[in-house]
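Chemist: Handing you this structure, nothing more for now.
Where a number appears in this text, it was derived from the coordinates with a stated rule and is not lab data. Fair warning: this is a prediction, and the values are worked out from it, not measured in the lab. Quick reminder, even Gly has a Cβ in these numbers, built from the backbone with ideal geometry, and neighbours come from all protein chains shown.
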Amino acid sequence: MIESIPLQVEPSAITDAINNTWILTVSFLIFFMHAGFAMLEAGQVRAKNVANQLTKNLLTWSVGVTVFFFIGAGISGLVGGSPFTESLPYLADDASGYIGWLYGAVFAMTAATIVSGAVAGRARLRAYVTYTFLLAAIIYPVVTGITWAGAYLQIGDAVFHDFAGGMIVHGMGGIAGLTAAWILGPRMDRYDADGTANVIPGHSMTFAVLGTLMLAFGWYGFNVGTAAAMYETEAGMMAYNGAVLGRVAMGTTIAMAAGAMGAGLVAWLRTGKVDTLYVANGLLAGLVGITAIPDTTHYLGALLIGGLAGAQLPIVFSFVEKRLKIDDVCAVFPVHGSAGILGTLAFPFVHYDLGVPLAEAALTQFVGVVVIAGWTVGATAVVWYALKATGQARVTPEHERDGLDLSEHGVDTYPEFGDEEGVVADGGR
Amino acid sequence: MIESIPLQVEPSAITDAINNTWILTVSFLIFFMHAGFAMLEAGQVRAKNVANQLTKNLLTWSVGVTVFFFIGAGISGLVGGSPFTESLPYLADDASGYIGWLYGAVFAMTAATIVSGAVAGRARLRAYVTYTFLLAAIIYPVVTGITWAGAYLQIGDAVFHDFAGGMIVHGMGGIAGLTAAWILGPRMDRYDADGTANVIPGHSMTFAVLGTLMLAFGWYGFNVGTAAAMYETEAGMMAYNGAVLGRVAMGTTIAMAAGAMGAGLVAWLRTGKVDTLYVANGLLAGLVGITAIPDTTHYLGALLIGGLAGAQLPIVFSFVEKRLKIDDVCAVFPVHGSAGILGTLAFPFVHYDLGVPLAEAALTQFVGVVVIAGWTVGATAVVWYALKATGQARVTPEHERDGLDLSEHGVDTYPEFGDEEGVVADGGR
Amino acid sequence: MIESIPLQVEPSAITDAINNTWILTVSFLIFFMHAGFAMLEAGQVRAKNVANQLTKNLLTWSVGVTVFFFIGAGISGLVGGSPFTESLPYLADDASGYIGWLYGAVFAMTAATIVSGAVAGRARLRAYVTYTFLLAAIIYPVVTGITWAGAYLQIGDAVFHDFAGGMIVHGMGGIAGLTAAWILGPRMDRYDADGTANVIPGHSMTFAVLGTLMLAFGWYGFNVGTAAAMYETEAGMMAYNGAVLGRVAMGTTIAMAAGAMGAGLVAWLRTGKVDTLYVANGLLAGLVGITAIPDTTHYLGALLIGGLAGAQLPIVFSFVEKRLKIDDVCAVFPVHGSAGILGTLAFPFVHYDLGVPLAEAALTQFVGVVVIAGWTVGATAVVWYALKATGQARVTPEHERDGLDLSEHGVDTYPEFGDEEGVVADGGR
């Protein structure tokens, strides 16, 4: 037997290991949200467009993360005031920095993938991939550059607050989706000549709810994982970040629950039925609603914001469908856009220890929302108008009628099921 | 360059961070079991009742976790002997305490969601939600109050042992489900006038097996996550809890494997075929069987208990179906109830270093099972009889025939597939 | 109030806790890959064979992990030069050692489950289970014994390098699958009398893509989890392993993205369509390609190897299908076999700091691939030839025509959907 010598270790090695295994774990969970989005969106489209939706999700991640690696992460740093080179770990050959890069990338790709749900059933694959490229390279990095990286949105002592991306990721994605869907125009037969909206139900509620619950699982990583496990105090001590971790975990839970109940209640009051898809999307809207503010929100605030985020869903969805006449197939604006804006604006009113004048905080949040929304709408509109002007935005009516699975991918998602003829003939009604 | 000062850290900050990131990670996994239950149950019901089942699962979590936050957790503490206020983190504004609350909540919601599988296809949504409210507020908290919180079940030196909720969570849920299904009566056409049972197969084996494997994934969190990563020794040292973590991980693995093999073997001996659903549910029964005792069970004990838990599944299922004539749609009693009881009662016989007289331990386990089962049957029966007496328990025969998706939720889960007429006409035969 | 005494803790307890909660977390993720494989494979087979595929997956895990516990892990150690007893934690009653055993077991079961995708639609359940038994007991343990355990494959200073099992797990599984499929012969109607190949599409692209993304999620555990969180330096200090963790996380991400793009691009160049299944399987091939080498590979190397692994997929699949005329149903050889070989052979060319002569490293990698492939082909062929010779390998033509779900399991996966007659009549064309 060899006499054992006690192990020695630097405290910083321990805290680095704890924080980074935590970051890696939550990054994996956030990555898993792509599986959730794929199922949620696949379930909400017609059977003839499922493979197209799935392919868009696979390529959002594949193209987007590559572009974000080589370009996007650097643009974010550049906009935020750092040298380009410091923002790209590969330029510095900083291997351990790749963990932080992946962590940023999974947030970026969440914003990107939201758009695919809005433009489902008629956007050309190459148009969507082109937009994803630009979103990952520039559009999203500019948003993070002026917020998380640069913290430019500041009025007096109030700094724009968005803890985990309620506005920066989800609001941005929902607004981008609405803009793209608006420029692209509705699916055929979605509206009659007199403007009456026709419902085109998705092909599988089961996949939609599966996706919802997978997303909620990943969202715990998204929100709670934004809190470090240990942090350095001003006194130079490393401390356990339990209060933030706990408050975020609780707020995320309560808001998602309230979102599902709020949406279900409004649906029930309006129709006498508890629409399953509203409950599912309401749960997600509740999560979006709290995402900007779980670190500072009182439990009653989480209940309120989550409930409102759920309750606004059926109403905003109707408004978008019937008044704006925008065919937002997977309801990405009511789920990610308006719910994200709601939570972000609510910040000073549910924060029980604000520390700055309420008016300053409220104004900063408002300005932040306006700036992010304005940039997103503008940049997205430029891209999709350019695609539209060159005839690249949308598949032909014949291809849309036959389904994008056949025309864009040459596959039949369910070759043994369904009545393809009927589906094709009536445009899904 | 600034001269770097070595970081300083309290050991308790490190152990708190390690233990709590572990608890959060496993809590997320246990939350994911709701996605598993949703898929397992959706796969085992008719296509016309899928959205209903999914909505019940979404609302179990949403309503249940809110009720458990404001009431249930406090009832558990109160029953266990603590002041109500100490049991509810929000009353003390104890932000880091929310982590422990969430951890308790995901166990509570597992018990709640099991019931929905038993009452599928005919329980009214409002009846189910009412029961879920009461389960989360009182019925389940009383069970944890007398066990984990209060440790009242004690005979001599033997304390009732249920490590991760084999009886407290799964046994309780399975018994509650059986009781509710018994009071509610079977689905129409489930039994002929002469009492012959008709099989009503689920609509998708794929979703059922998907749910099974998602549950098994989450179960690692459920069981292994019940062991802390580090614990305080009597000497005041913090020590690594490797022996418990390892034994639980192994026992969980071996018992689930044995459960699948046991159920498959019995099915094969009885019919000459290896029924897929029995193998899947057997895997789950093996997991339930070990859940009360993975910390103390020898590997051969895990193999035995898992195997028996699997093997009893087809037999108990037949007994419930053919003798008791209870329509337990998703087999929740054989999977969660009898398997949980089996493992709990087996505790002293597979514990290789018991430390107390075997008779005392066996009697304590028996008394614990009887007390929990008695309370669960009684409380559940009162609620469902009250619902039945007021005509709120069950949908009308017309609604049942048409499917709950249409009548309760106004949706069609698979609008492009299936032959709805045929399904409606023959009640699933 | 009691005066609090500062906690005390050994550094080794902390590093053990950090490393082992990390290992447990990633083991759970790797276990979840079984759910991914189940969905990926179920989606790629005919509706009449889905339950069979699901059962095989359930039994792969259940039988395999039991066999690996009692036999396989010990064989691996024995071949690697350790006493049998030291390799089996249960013989030493080493409870904390069970964590390492589970970690090894989830890798072993990944190799095992790959085979089921190749022999889908015609292998008898008992033949498959027999092979799984032998794979878990002997065939796979010999491979790990000569590599990870014994490190026998060494030429000069170069040791065979396979970080997370690109060759040892995936290459081995893909080669075993190809061998078994070759001996078993193709499904009926897969080839016409003149040798023309007929495509038999899978029944659900949605399940196939779901499985793909679940696998990618678990793969982060597979690759990144192969790096310890903390390691002991030569100076006896415990250090944070950030550079390896970061490089592996980045390489895994970039290679999977490049794999999806590479396969999609080749499919598009060949047919003008972006085949969804090629993109999905390309993503997996990219992951397989990097799995042997993520710890040492430059980011451009990850991009290159991932892209090549994806690009070779459609080409190798065609070669296997049209030239070798082997019916590898789920494309396990192009995804796991050739991609794994590619990445393993590429090791010295994308390693930017090799430290040994390139020729030695290249030769060692080549010899390793040849030895593992030779052993796998030989052992697999012996087993399947023996099964074939005794008439146990394959179901009867009647059973194959009716579907294995009915003949082997007595179930109908989708009793309310599909047109069973049509499916049966034309053999899936």
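Chemist: By how many degrees, 0 to 90 and rounded to 10, does the Cα axis of helix A:50-67 deviate from the longest principal axis of chain A?
Modeler: 30
Chemist: Among A:298, B:152, A:395, flag the residue with its Cα farthest along the positive direction of the charge dipole of the protein assembly as shown, charges on Cβ as +1 for Lys/Arg and -1 for Asp/Glu.
Modeler: It is A:395.
Chemist: Give me the distance in nm between label points sitting 7 Å out from Cα along the Cα-to-Cβ direction at residue C:269 and residue A:352, one decimal.
Modeler: 6.2
Chemist: Does anything in segment B:177-208 have its amide N under 17 Å from the 7 Å Cα→Cβ label point of residue B:319, and if so which residues?
Modeler: B:177-179, B:182
Chemist: Right, another one. Might you report the magnitude of the Cβ-based charge dipole of the protein assembly as shown about its Cα centre, with Lys and Arg at +1 and Asp and Glu at -1, to the nearest 20 debye? Could the numbers behind the result be given before it?
Modeler: Working: 54 positive and 96 negative charges, 512 e Å.
My answer is approximately 2460 debye.
Chemist: Quick one: order A:28, A:84 by neighbouring beta-carbon count within 10 Å, fewest to most. Write down the numbers at each step before the final one.
Modeler: Details: A:28 26, A:84 14.
Ascending number of Cβ neighbours within 10 Å: A:84, A:28.
Chemist: Right, something else. For segment C:324-335, just list the computed ³J(HN,Hα) in residue order, Karplus coefficients 6.51, -1.76 and 1.60, θ = phi - 60°, integers in Hz, with x standing in for Gly and Pro.
Modeler: Along segment C:324-335, the couplings run 6, 6, 9, 8, 8, 3, 9, 6, 6, 5, x, 7 Hz.
Chemist: Now a separate question. Tell me, C:85, B:390, C:66 in order of fewest to most beta-carbon neighbours within 10 Å? Kindly include the intermediate steps, with their values, before the conclusion.
Modeler: Details: C:85 12, B:390 9, C:66 23.
Taking fewest neighbouring Cβ atoms as first place, the list is B:390, C:85, C:66.
Chemist: With unit charges on the beta carbon (Lys/Arg positive, Asp/Glu negative), name the residue among B:219, B:52, C:367 whose Cα is farthest towards the positive pole of the charge dipole of the protein assembly as shown.
Modeler: B:52
Chemist: Report the label-to-label distance for residue B:197 and residue C:232 in nanometres (one decimal), using points 7 Å from each Cα along the Cα→Cβ vector.
Modeler: 5.8
Chemist: Expressed as an acute angle from 0 to 90° and rounded to the nearest 10, what is the orientation of the C-alpha long axis of helix A:299-318 relative to the principal long axis of chain A?
Modeler: It works out to around 20 degrees.
Chemist: Treating the beta-carbon of each Lys and Arg as +1 and of each Asp and Glu as -1, no other charges, what is the dipole magnitude of segment C:123-206 about its Cα centre, to the nearest 20 debye? Display every interim value, and only then the final one.
Modeler: Working: 4 positive and 5 negative charges, 72 e Å.
It works out to roughly 340 debye.
Chemist: Let me have the relative contact order for chain C, percent, based on Cα pairs under 8 Å that are six or more residues apart.
Modeler: Relative contact order for chain C comes out at 24 percent.
Chemist: Given charges of +1 on the Cβ of Lys and Arg and -1 on the Cβ of Asp and Glu, with all other atoms neutral, how large is the dipole of segment B:138-267 about its Cα centre, in debye to the nearest 20?
Modeler: Values: 3 positive and 7 negative charges, 49 e Å.
Dipole about the Cα centre, nearest 20: 240 debye.
Chemist: In addition: Sticking to Cα atoms, compute the Rg of segment B:47-121 to one decimal and its Dmax as the biggest Cα-Cα distance, whole number, in Å.
Modeler: Here Rg and the maximum Cα pair distance are 14.8, 48 Å.
Chemist: Shifting gears a bit: Can you give the mean number of other chain Cβ atoms that lie within 10 Å of the Cβ atoms in peptide C:263-274? Walk me through the numbers before you get to the answer.
Modeler: Details: counts 1, 8, 0, 0, 2, 3, 0, 0, 2, 1, 8, 12.
Mean shielding by partner chains, rounded to a whole number: 3.
Chemist: Can I ask one more? Give the range of the longest stretch in chain C that excludes all GluC sites (Glu not before Pro) found in loop regions by DSSP and having at most 13 other beta-carbon atoms within 10 Å.
Modeler: On the way: sites that count: C:3, C:234.
Longest site-free region, per DSSP loop and neighbour criteria: C:4-233.
Chemist: While we're looking at this one, here's another question. Taking each residue in B:45-54, count the Cβ atoms of any other chain within 10 Å of its Cβ, then average. What number comes out? Please report the intermediate quantities before stating the final value.
Modeler: Numbers: counts 0, 2, 5, 1, 0, 5, 10, 2, 3, 11.
That average works out to 4.
Chemist: 7 Å along Cα→Cβ for the label point: how many nanometres lie between residue B:389 and each equivalent label in the other copies, listed shortest first?
Modeler: With the label placed 7 Å along Cα→Cβ, residue B:389 yields 7.5, 7.5 nm.
Chemist: Which ³J(HN,Hα) values, rounded to whole Hz and listed in residue order, are derived for segment B:142-157 from phi using the Karplus coefficients 6.51, -1.76 and 1.60 in 6.51 cos²θ - 1.76 cosθ + 1.60 with θ = phi - 60°, glycine and proline given as x?
Modeler: Computed from phi, the couplings for segment B:142-157 are 5, 5, 5, x, 7, 10, 4, 7, x, 6, 6, 6, 8, 10, x, 8 Hz.
Chemist: Classify segment C:82-180 from the C-alpha gyration tensor, please: rounded if a/c falls under 1.5, else prolate or oblate depending on whether a/b exceeds b/c.
Modeler: Details: a/c = 2.34, a/b = 1.29, b/c = 1.82.
Here segment C:82-180 falls in the oblate category.
Chemist: Right, something else. Which of the pairs B:56/B:388; C:56/C:388; B:273/B:322; B:56/B:322; B:56/B:325 have their Cα atoms more than 22 Å apart in this structure? Could you put the intermediate results ahead of the total?
Modeler: Numbers: B:56/B:388 19 Å; C:56/C:388 19 Å; B:273/B:322 20 Å; B:56/B:322 27 Å; B:56/B:325 24 Å.
From B:56/B:388; C:56/C:388; B:273/B:322; B:56/B:322; B:56/B:325, over 22 Å: B:56/B:322; B:56/B:325.
Chemist: Then there is this: Using a 10 Å cut-off on Cβ to Cβ distances, tally the other chain neighbours for every residue of B:277-288 and report the average as a whole number. Kindly include the intermediate steps, with their values, before the conclusion.
Modeler: Working: counts 5, 3, 8, 4, 0, 2, 4, 0, 0, 1, 0, 0.
For this peptide, the per-residue mean of nearby foreign Cβ atoms is 2.
Chemist: Run the label-point distances for residue C:300 please: 7 Å along Cα to Cβ, every other copy, nanometres, shortest first.
Modeler: 6.1, 6.1
Chemist: Can you list, largest first and rounded to whole Å, the semi-axes you get for chain C by taking the square root of 5 times each eigenvalue of its Cα gyration tensor? Before the final figure, lay out the partial values.
Modeler: On the way: eigenvalues 273, 123, 92 Å².
The equivalent ellipsoid of chain C has semi-axes of 37, 25, 21 Å.
Chemist: Output, in nm with one decimal and in ascending order, the distances from the residue A:366 label point to the matching label points of the other copies (7 Å from Cα along Cα-to-Cβ).
Modeler: Label point to label point, same position, other copies: 7.3, 7.3 nm.
Chemist: What's the angle, to the nearest 10 degrees (0 to 90), between helix C:97-118's Cα axis and the longest principal axis of chain C?
Modeler: Approximately 20 degrees, to the nearest 10.
Chemist: Grab every C-alpha pair in the protein assembly as shown, bin the distances at 10 angstrom width from 0 up to the longest one, and report whole percents.
Modeler: Values per bin, smallest distances first: 2, 10, 19, 25, 23, 15, 6, 1, 0.
Chemist: How much mean residue ellipticity at 222 nm does the protein assembly as shown get from its helices, if each DSSP H run of length 4 or more adds -39500 (n - 2.57) and you divide by all residues, to the nearest 500 deg cm²/dmol? Show your work: numbers first, answer last.
Modeler: On the way: 49 runs with 773 residues, N = 1287.
That comes out to -20000 deg cm²/dmol.
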